[in-house]
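Below: the structure, in structure tokens.
The values are calculated or read from the model by the stated rules, or taken from the named source; none is laboratory data. Just so we're clear, the structure is a prediction, and the values are computed from it rather than from any experiment. Backbone-built Cβ (ideal geometry, glycine too); neighbour counts: all protein chains shown.
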Amino acid sequence: MNKLIRSGIKFYRVQKTDTLKLLSNRFKIPEVVIINDNQLKGEVEVGDMLIINVYNLNIYEVKHLEKIEDICRRFMMTKDEFIKINGIDYLYGGMKVFVKK
């Protein structure tokens, strides 16, 4: 199985207005990766010190009727990798997902 290539690691202290969604957008990594890497049980709290693993990922917009297998083939990923990165096993047109660069 191909491994995601981590391009770096950062440490980040959660600020007053931070949420998982905001951090996901800021660091361009899926919320599920932040949750798993930091063993979070819920939303982040002010003062939390997070490990931010930076991966070589892009955001991709799913086309109508496109399947996970189609995206995996296109971006040379396994289905398991796709599910782990995105935390989902379903798609719909217009959805934005993370894929390998």
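The table below lists the values:
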quantity: Residue within the stretch 7-25 that is modelled with pLDDT of 95 or more, under 18 Å from residue 101 (Cβ atoms) and assigned to a loop (DSSP other than H, G, I, E, B) present; calculated: no
quantity: Count of the stretch 14-30 residues which are closer than 23 Å to residue 60 by Cβ and surrounded by 17 or more Cβ atoms within 10 Å (Cβ to Cβ); calculated: 6
quantity: In the stretch 31-48, the residues that are surrounded by fewer than 11 Cβ atoms within 10 Å (Cβ to Cβ) and either closer than 19 Å to residue 87 by Cβ or not β-branched (Val, Ile, Thr) (or both); calculated: 39, 41, 42, 45, 47
quantity: Condition broken by residue 45, with the remaining ones in (1) within 17 Å of residue 94 (Cα to Cα); (2) not hydrophobic (A, V, I, L, M, F, W, C); (3) not in a helix (DSSP H, G or I) satisfied; calculated: (1)
quantity: Matching option when the condition is among the hydrophobic types (A, V, I, L, M, F, W, C), under 11 Å from residue 99 (Cα atoms), surrounded by 11 or more Cβ atoms within 10 Å (Cβ to Cβ) and touching a residue at least 12 places away in the same chain (Cβ under 8 Å), among 59, 51; calculated: 59
